[in-house]
Amino acid sequence: MAVTKPTTDIAAAVSILKQGGLVAFPTETVYGLGADAGNQKAVEKIFLAKQRPANHPLIVHLASVSQLQDWAAQISDTAWLLAETFWPGPLAIILKKQDSVLPEVTGGQSTVALRIPDNPVALELLQQFDDGIAAPSANLYNHISPTRAEHVISELGDCVDAVLDGGMCRVGLESTIIDMSGEAPRLLRPGHISPADIEQVIGQPVSMKQQTAVRAPGMREIHYAPTTPAQLCQREQLAGEIKKCLQAGQSIGLLTTGDYPIENRQVKQLSMPDKPVQYAHELYASLRYLDDMKLDRILVETVPETKDWLAVNDRLAKATARGG
Ligand code: TXA
Ligand code: MG
């Protein structure tokens, strides 16, 4: 039966997971689509629901740092330090996997991604479940990650057994992913925890080299994207671009930062915060809002190229990779 309302019944959610069902739950980053990470059939349901290719690995969510060695092997002191410092928090750590970890979870790779989310509902769920919960973001493959329970219900309500409510996610962008399975720490996906935050704790540089498309599909070009064609646009070019679209009879969604007054019924404008943390918090909900209006085009004003905007720029590049 389709889920039409979010729930706060964590005990019921735990029993659904124990029976091999799917439970969407809030984290501090985005909502996750959870299944018992030790149950192959349950994990397979995640891929079916998301329409995600089977070789794309999932993140396993844990309740406590002490569970790390149940899932990962050859954990370096540096990796322990990262886990102890940043968990619970928006950092996923890639490590060599234990033999027992299902290949369905890791996309057949020898490594596994792990994190403890910093959200009271997620932590209570994980503590009561008392084992790893595999969870990608609770959206269809390549679409925008959900930051509210309602987003999950509208996109995956037919495929999940329950959606736990946690209101709007605090961070709003997916976790930072750091690969600690090789010689040197490597950033696979930027997020709220910056390379500088990590370097400060471990006292060594984090390399930013990108992986191949298969290893980290989060790095694929078109990802986290609205279905409406979206394009980035410098402020100086906005007026010209808007004019061009209007002349072509197109309706426009406009995401600007700070003041940019425009009055035209064909233009649906959302004004975004000018600080990266607040911008990140609102980005996906804003893109979804504009996407749901079924406009012809979404124009996104560029944001600064500075380090504190790294994660936002990464997601904006992916949201607009299809082009306008
Ligand atoms: O914030 C988050 O991380 C959210 C919440 C729910 O925790 N989850 C999330 O999951 O964003 P997902 O599946 O949408 O993104 C996980 C990313 C994917 O890009 C996947 O390729 C990468 O993690 N990943 C997982 N295991 C990996 C591994 N062993 N090696 C390299 N990348 C891995
Ligand atoms: Mg995702």
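For K45, the lysines whose Cα comes closer than 21 Å to its Cα, not counting residues fewer than 8 places off in the same chain, are K5, K18.
Which of P136, P205, P226 moves the most in a Gaussian network model of the chain with Cα springs under 10 Å? Most flexible of the set in this elastic network: P205. Annotation: aspartates and glutamates with alpha-carbon distance below 19 angstrom to K243 (same-chain offsets under eight excluded): D259, E263, D296, E301. Considering only R189, R297, R265, the mean-square fluctuation computed in a Gaussian network model of the chain, springs between alpha carbons under 10 angstrom, is largest for R265. Entry note, the chain: relative contact order of 20 percent, from Cα contacts under 8 Å with a spacing of 6+ residues. Relative protection proxy for 282-292, 312-322, 252-262, from highest mean packing down: 282-292, 312-322, 252-262 (other beta-carbon atoms within 10 angstrom). In this label model, Q250 and E84 are separated by 5.4 nm, measuring between points 7 Å along each Cα→Cβ vector. Dipole magnitude for the chain: computed about the Cα centre from +1 point charges on Lys and Arg Cβ and -1 point charges on Asp and Glu Cβ, it is near 940 debye. Using 0.36 nm per residue and subtracting the Cα-Cα separation, the extra length available between Q237 and D296 on full extension is 19.4 nm. Return the single residue from I144, I193, I93 with maximal mean-square fluctuation; model: Gaussian network over the chain, springs between Cα atoms under 10 Å. Greatest mean-square fluctuation among the candidates belongs to I193.
Using only DSSP helix segments of four residues or longer, with each worth -39500 (n - 2.57), what per-residue ellipticity at 222 nm results for the chain after dividing by its residue count and rounding to 500?
-9000 deg cm²/dmol
Here, each number is a calculation from the coordinates, and none is a lab measurement. Since we're looking at a predicted model, the values are computed, not measured. Cβ atoms come from the backbone with ideal geometry, glycine included; neighbour counts cover every protein chain shown.
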